[in-house]
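The values are calculated or read from the model by the stated rules, or taken from the named source; none is laboratory data. Given the structure is predicted, the values throughout are model-derived calculations rather than measurements. Here the Cβ positions follow ideal geometry from the backbone for every residue, glycine too, while neighbour counts run over all protein chains shown. These accessible areas exclude ligands, DNA and RNA; they are computed on the full protein's heavy atoms, side chains included. Shrake-Rupley method; radii C 1.70, N 1.55, O 1.52, S 1.80 Å.
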There are 2 protein chains.
Amino acid sequence: MKQIDVCLTPELLHLHAMDNTIVIVADVFRATSCMVTAFAYGVDSIIPVATIDECQLWQERGYLAAAERNARKVDGFELDNSPFTYMQEMIRGEKVAMTTTNGTYAITRSRAAVKVLVGSFLNLEAIARYLRSEPYDVLVLCAGWKGKVNLEDTLFAGALVDRLKSHFMTAEDSALMAWRLYQQGKDNLLSYLANSSHIRRLQRLGIQRDITYCLQHDLYDVIPVLRGNSLVSMEL
Amino acid sequence: MKQIDVCLTPELLHLHAMDNTIVIVADVFRATSCMVTAFAYGVDSIIPVATIDECQLWQERGYLAAAERNARKVDGFELDNSPFTYMQEMIRGEKVAMTTTNGTYAITRSRAAVKVLVGSFLNLEAIARYLRSEPYDVLVLCAGWKGKVNLEDTLFAGALVDRLKSHFMTAEDSALMAWRLYQQGKDNLLSYLANSSHIRRLQRLGIQRDITYCLQHDLYDVIPVLRGNSLVSMEL
């Protein structure tokens, strides 16, 4: 039987085998929710980069640039880390370069996997359906916050375990813990997350609307997949 | 207000500040439960060592030696990793050298803290009472399993957060997650743990009795504390 496992932060990724495994990267507040939204709105590709300097280089080559640090937009870039930024006609067919605090780092760390997919609550069922049809093991990689675990990405991991549990074995306690937390919180994720560190951080920034949006399940039928250095939309 | 935080595995310890902090190391199945039991039964001191060779050297100097690898006793040593081994008159006043898969590693990694205490469900309230009376922040260090997180140590962390939450702030999501899991499982920890990886591993070894024992709360009023290279019993 195929296995599903959960890596609670990129700091623990070296403990997981990635051969024969599809990695799903989740940074639901807000990088991977932005990426999924961008593909739903017709972006051509997104290149995740590690640094702001690198992002600027791509901008000079004609890419739209999106940069965030500590949950704030970096000056001089077109796009920020709010999913609403990506719901506009100007992004259709465009190439985007994106750097974020945690999400792009997690993606670039996962290159050794069979495939790297971008997950969020917004495309949860699209991801789940695809994984059920594939022969590979699954590793959900939570982007976390500066190396530490966070509740929102863990809940996404738990939601995916929940959708896949009749097709996959859960190998390790992290998958069990994520699933248990999701079971406990799923009926009202917003209030369940109310005391979490990132929500408190985001609320100080006044982006409650983003949070509510990012917690919606199954809004889009798109799967961003890493091909070479870029994310593109998988043909479904 | 003082803070309580939870480090879910020693692999994440570098992300936590340890100055001004008391670290509580938990490896409830079974190293730290053994240690607490040993002090309750009058052992003089326990020296936690990293390797089996080192353990043997102490044995040659007259220490009782306890060594376990992969949840099994190592040949040639007097004591194993079952708490029932420590409930005998022969250990009273003795010095013990102990090496385990995860627990002693976690203890030796924590030396930079103000104090390092050994925690288990067996001495939960003794630990909680002491921490309430001290001015320091608290970090619960879960020993985990070979670098990965495990459910049982996380539940211990959640239990300690539960006992301290009116006196301490929870700084990070890991503390919140541990507390939520404990809330969910506390009425029947044994069945809550039934699907966890370590329980499955231990059940194969036929040590159900150890598991049931280690989950009992507040059995002993002892606190092992690291002093130099050895654990000794704190004067209460």
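Checking every one of the trypsin sites (Lys or Arg not before Pro) in segment A:7-74 against DSSP loop status and a limit of 13 other Cβ atoms within 10 Å picks out A:61. Comparing each chain alone with all protein chains together (probe 1.4 Å, DNA, RNA and ligands left out), the residues of segment B:156-184 losing at least 40 Å² of accessible area are B:172, B:173, B:176, B:177, B:180, B:181, B:184. Summing charges over neighbours of residue A:92, with a neighbour being any other residue whose Cβ is under 15 Å away from its Cβ, gives -3 when K and R count +1 and D and E count -1. Sequence-ordered 3J(HN,Hα) estimates for segment B:67-72 from the Karplus curve with 6.51, -1.76 and 1.60 and θ = phi - 60° stand at 9, 9, 9, 6, 6, 10 Hz, glycine and proline given as x. Surface composition of segment A:3-227: carbon and sulfur make up 46 percent of the accessible area, probe 1.4 Å. For the protein assembly as shown, the C-alpha radius of gyration sits at 1.04 times the compact-globule guess of 2.2 N^0.38 Å, with N the residue count.
Where chain A is carried onto chain B by rotation, the Cβ closest to that axis, with its residue and distance in Å, is A:184, 3. Each Lys or Arg adds one and each Asp or Glu subtracts one; over the other residues with Cβ under 10 Å from the Cβ of residue B:81, this totals 0. Where only DSSP H runs of four or more residues are counted, chain B gives -9500 deg cm²/dmol as its mean residue ellipticity at 222 nm, each run worth -39500 (n - 2.57).
When the accessible areas of B alone and A alone are added and the area of the pair subtracted, with a 1.4 Å probe, the result is around 2600 Å², both sides summed. Distances from residue A:201 to itself in the other copies, using label points 7 Å out along the Cα-Cβ axis, amount to 3.1 nm in increasing order. Charges on Cβ only, +1 for Lys and Arg, -1 for Asp and Glu, centred on the Cα centroid of chain A; of A:70, A:25, A:228, which one is farthest towards the dipole's positive end? Positive-most Cα among the choices belongs to A:70. Computed from the Kirkwood radius of its Cα pairs, the Stokes-Einstein diffusion coefficient for segment A:94-223 at 37 °C and 0.692 mPa s stands at 210 µm²/s.
For chain A, the alpha-carbon coordinates run over 47, 37, 30 Å along the three principal axes, in decreasing order. For segment B:54-133, the direction-averaged projected area of the alpha-carbon convex hull comes to 6.7 nm². Inter-copy label distances at residue A:1, shortest first and taken from points set 7 Å along Cα to Cβ: 4.3 nm. Surface exposure of segment A:3-227, expressed per residue as accessible area with a 1.4 Å probe, stands at 36 Å².
For the options A:224, A:48, A:135, a Gaussian network treatment of chain A with springs between C-alpha atoms closer than 10 Å singles out A:135 as fluctuating the most. For trypsin sites (Lys or Arg not before Pro), the sites in segment A:127-236 that DSSP calls loop and that have at most 14 other Cβ atoms within 10 Å are A:146, A:165.
For segment B:136-236, GluC sites (Glu not before Pro) meeting the loop criterion (DSSP other than H, G, I, E, B) and having at most 10 other Cβ atoms within 10 Å: B:235.
When residue A:87 is represented by a point 7 angstrom out along its Cα-to-C-beta vector, the spacings to that point in the other copies are 6.2 nm, nearest first. Spatial offset of segment A:153-183 relative to segment B:41-56 amounts to 38 Å, using the alpha carbon center of each. With both labels modelled 7 Å from their Cα along Cα-to-Cβ, the residue A:61 to residue B:51 distance reads 4.9 nm. Counting Lys and Arg as +1 and Asp and Glu as -1 over every other residue whose Cβ lies under 11 Å from the Cβ of residue B:158, the net charge comes to +1.
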